[in-house]
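Read through the structure below, which is laid out as structure tokens, and then see the notes.
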Amino acid sequence: KGREAGQRPPLSLSQVTRIKTFLAKRGDTGRRDLALFSTAIDTMLRGQDLLRLTVKDVRMRNRSMRDTFELTTVKYGQSVQCVLSKTTRNVLDKWIKHSVKKPNDYLFTGRLGRGLTPMSTRQLNRLVNTWVEGIGLDASSYGVESLRRTRAMYILNETGNMEAVRLMLGLADIRETALYLSGAKPVNT
């Protein structure tokens, strides 16, 4: 159908910074997108798992943000531990307060269902296209998987520890992890 197929590359550190700046400049309208983008990079979750996150997954009862949380993935039913950076925790906290979300609410809701349903993966794909186009990149070269691969490649480049990356991605074995990251070019930091 005229679409490129295959693995999408990770974003470089400068591209991540440019997208965050692009979203931050949008003020209140970019707050959700900045929280979504930052959470996607930090957690390395697949789109369907990312969009299932609720407020209580990332925030404790005392309203302080969690730096780590555990989630069972939809695809393999494996438990993965997700780490949120201080920057992402701050952005998420601002988003939750701004949107007046309750503990059982989805973090990122869709346009349908009066805010009671999670955002669709299709809407997430459209947002990723908008973000990369917003900084002058070709949207057909990047996708939701680019967000997932970004931090994985940073960690692999810094530590060389494929097993740690495998655990964070929630993949079954080391060969699958190597195959998953093989098409992703190393990121320039």
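So here's what we get for this one:
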item: Spans of helices (runs of 4 or more DSSP H) in the range 86-167 with at least 1 residues at pLDDT below 90 and either open to solvent by less than 40 Å² (accessible area, probe 1.4 Å) or in contact with a strand residue (DSSP E or B) (Cβ under 7 Å, 6 or more places away or on another chain) (or both); result: 144-159
item: Subset of the range 50-71 (residues that are closer than 26 Å to Glu163 by Cβ and free of Cβ contacts under 8 Å to residues at least 24 places away in the same chain); result: Arg66, Asp67, Thr68, Phe69, Glu70
item: Only one of Val74, Val83 that is aliphatic (A, V, I, L, M), in contact (Cβ under 8 Å) with a residue 40 or more places away in the chain and surrounded by fewer than 16 Cβ atoms within 10 Å (Cβ to Cβ); result: Val83
item: Qualifying positions in the range 91-128 - of a type outside the set (D, E, K, R) and free of Cβ contacts under 8 Å to residues at least 12 places away in the same chain; result: Val100, Thr109, Leu112, Gly113, Gly115, Leu116, Thr117
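The values are calculated or read from the model by the stated rules, or taken from the named source; none is laboratory data. Note that this is a predicted model, so its numbers are computed, not measured. Methodologically, a virtual Cβ is constructed for each residue, glycine included, from the backbone with ideal geometry; neighbour enumeration extends over all protein chains shown. The protein model used for the area step is the full one, side chains on, heavy atoms only, and it has no ligands, DNA or RNA in it. Shrake-Rupley method; radii C 1.70, N 1.55, O 1.52, S 1.80 Å.
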